[in-house]
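Have a look at this one.
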Amino acid sequence: MRSDLMKKGLEKYPHRSLLKAMGLTDREIDQPFIGIANSYNELIPGHIHLDKITRAVKDGVRLAGGTPLEFGVIVVCDGLGMHHVGMKYSLPSRELIADSIEVMAMAHPFDGLVLVANCDKIVPGMLMAALRLNIPAILVSGGPMLAGRFQGRKVDLITVFEGVGALRAGRITEEELKELADCACPGCGSCAGMFTANSMNCLSEALGLALPGNGTIPAVSAARIRLAKEAGMKIMELVNRQILPRQIATLEAFKNAMAVDMALGCSTNTVLHVTAMAQEAGIELELELFNEISRRTPHLCHFSPGGPHHLEDLDQAGGVPAVMKILQEGGLVSGEPLTVTGERVSDNLAAIEVLDPQVI
């Protein structure tokens, strides 16, 4: 085991003593060490519930015979950082996140990593670290926020931004804008439309580095907790089989993710993040490749801010696997890449069907 570097041999008894200071038993010390990178905080709605997601991940690790060891990761909320100097810190935070996880995983040689994330720069930052380190890893997100309801229609954060413009144009009152702001973001999760956070959570699934459902199961759903437990159990399989991130995130897998990007109509910010992730995997993605895949890939879904649907609708319609199934049938997605399920894309998609053709 990689963790034997700090716990096996006579000279490592002092290390074991330090581990026992935290209450770990010999049995826990002798099991695989799984680092749990947790970006929970009390500042951002996409992360306010990640303590519960992380707890479920750790339960899964323990059920499968591993020892979870949690550490914290910083987060910047693009929504709260907007319209002031804070926005200058958003993209650089991605590099700090990747670097901090690298530091933790090299200073304390984990056997595997579970990356618990959600919002804009956190997901790509964590995946950059996983690809850089190339030790068994799996990402599990906190899931999307449900859409709100206002005057009989679905709304989300972008509706509030549009509401500011509507007020200045004299189409609504400030009282209506306040009422809209009160209900547009009804609870925890990443903002309900296909913005950067949900785009990256869906693409991490399409890339094969997250379990099916990662991009779409709502944050408040019990299925999200079950997914987190499954991720905790699955990392132990990846460790035992030594399935590594760069075996999963091949050029073909990145092409799959790019095709899903176009089919879903994801945030254009994905180009910034997907290329950075590929670079960590030793893969060069030219911008022309995005154009090439865009030209041949149909736009299958219409999500806010470009359409009427939200991530909860995509989840009920079959999620990212259903989109990939259509693309695979059209020869636009390869079934060959390996995924964190331990199976290939084609195996994961074998029994998948589109459940709502109005959404997909």
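The values are calculated or read from the model by the stated rules, or taken from the named source; none is laboratory data. A quick note: this is a predicted structure, and the numbers were derived from the prediction, not measured. Neighbour counts run over all protein chains shown; Cβ positions are idealised from the backbone, glycine included. Calculation scope for accessible area: heavy atoms of the full protein, side chains included, ligands and nucleic acids excluded. Shrake-Rupley method; radii C 1.70, N 1.55, O 1.52, S 1.80 Å.
Tell me the volume per residue, in Å³, of the convex hull enclosing the alpha carbons of the stretch 96-137.
Once divided by residue count, the hull of the stretch 96-137 is 52 Å³.
Over the Cα atoms of the stretch 218-267, Rg to Rh with Kirkwood Rh, two decimal places? Don't jump to the answer; show the numbers that get you there.
Details: Rg = 14.6 Å, Rh = 13.3 Å.
Using only Cα positions, Rg/Rh for the stretch 218-267 is 1.10.
What part of the accessible area of the stretch 71-198, given as a whole %, is carbon or sulfur when the probe is 1.4 angstrom?
Values: 3180 of 5240 Å².
Roughly 61 percent, rounded to a whole number.
Here is a follow-up. Could you give the angle, 0 to 90 degrees to the nearest 10, between helix 122-133's Cα long axis and the longest principal axis of the Cα atoms of the chain?
Result, in degrees: 30.
If each Cα of the stretch 148-220 is one equal point scatterer, what is log10 of I(q)/I(0) from the Debye formula at q = 0.12, 0.17, 0.28 Å⁻¹?
-0.42, -0.68, -1.21
From the phi of every residue in the stretch 167-172, what ³J(HN,Hα) in whole Hz does the Karplus formula 6.51 cos²θ - 1.76 cosθ + 1.60 yield, where θ is phi - 60° and glycine or proline is x?
Whole-Hz 3J(HN,Hα) from phi for the stretch 167-172: 5, 5, 8, x, 8, 9.
Further question: For the stretch 1-68, what % of the accessible area comes from carbon and sulfur atoms, probe 1.4 Å? The partial results should precede the final answer.
Working: 2080 of 3570 Å².
Carbon and sulfur atoms account for 58 percent of the accessible area of the stretch 1-68.
Right, next: By the scheme Lys and Arg +1, Asp and Glu -1, what is the net charge of all other residues having a beta-carbon under 14 Å from that of Ile53?
Working: positive: Lys52, Arg55, Lys58, Arg224, Arg226, Lys229; negative: Asp51, Asp59, Glu70, Glu230.
Around Ile53, the surrounding residues sum to +2.
Which whole-number value in Å³ per residue fits the convex hull of the alpha carbons of the stretch 224-312?
Spread over its residues, the Cα hull of the stretch 224-312 gives 120 Å³ apiece.
Please compute the net charge surrounding Leu177, taking Lys and Arg as +1 and Asp and Glu as -1 over other residues with Cβ under 13 Å from its Cβ.
Numbers: positive: Arg168, Arg171, Lys178; negative: Glu162, Glu174, Glu175, Glu176, Glu179, Asp182.
Charge balance near Leu177 sits at -3.
Over all directions, the average projected area of the alpha-carbon convex hull for the stretch 1-141 comes to how many nm²? Intermediate values should be presented prior to the final figure.
Values: hull surface 34.5 nm².
Averaging across all directions leaves 8.6 nm² for the Cα convex hull.
Which residue fluctuates most in the GNM of the chain (Cα springs below 10 Å): Ile74, Ile138, Ile122?
For the chain, modelled as a Gaussian network with Cα springs under 10 Å, the answer is Ile74.
Separate question: Restricting to the chain, compute how many DSSP beta bridges are antiparallel as a %, nearest 5.
Numbers: 4 of 23 bridges.
Roughly 15 percent of the beta bridges in the chain run antiparallel, per DSSP.
Follow-up. At 1.4 Å probe size, with every protein chain present, just tell me what the per residue accessible area of the chain comes to in Å². It would help to have the intermediate numbers written out before the result.
Working: 15410 Å² over 360 residues.
Normalised by residue count, the accessible surface of the chain is 43 Å².
Restricting attention to the alpha-carbon atoms of the chain, what are Rg (one decimal) and Dmax (integer), both in Å?
Reported Rg and Dmax, both Å: 20.6, 76.
Also, quick follow-up: What's the local net charge at Ala223, with K and R +1, D and E -1, over the other residues with C-beta under 11 Å away?
Values: positive: Arg224, Arg226, Lys229; negative: Glu230, Asp315.
Value of the local net charge: +1.
Size of the stretch 14-85 along its principal axes in angstrom, Cα-based, largest extent first?
52, 27, 15
Can you tell me the orientation of helix 270-280 relative to the chain, as the angle in degrees between its alpha-carbon axis and the longest Cα principal axis, to the nearest 10?
Compared with the principal axis, the helix lies near 20 degrees.
Computed from the mean reciprocal separation of all distinct C-alpha pairs, what Kirkwood hydrodynamic radius does the stretch 250-360 have, in Å? Please report the intermediate quantities before stating the final value.
Working: mean 1/r = 0.0690 Å⁻¹.
One over the average 1/r among Cα pairs gives 14.5 Å for the stretch 250-360.
To the nearest 10 degrees, how steep is helix 196-207 against the longest Cα principal axis of the chain, on a 0 to 90 scale?
Once rounded, the angle reads 50 degrees.
Taking springs between alpha-carbon atoms closer than 10 angstrom, which of Gln151, Gln247, Gln279 fluctuates most in the Gaussian network model of the chain?
Gln151
While we're on this one: Given springs between every Cα pair under 10 Å in a Gaussian network model of the chain, which of Val260, Val155, Val164 has the largest fluctuation?
Val164
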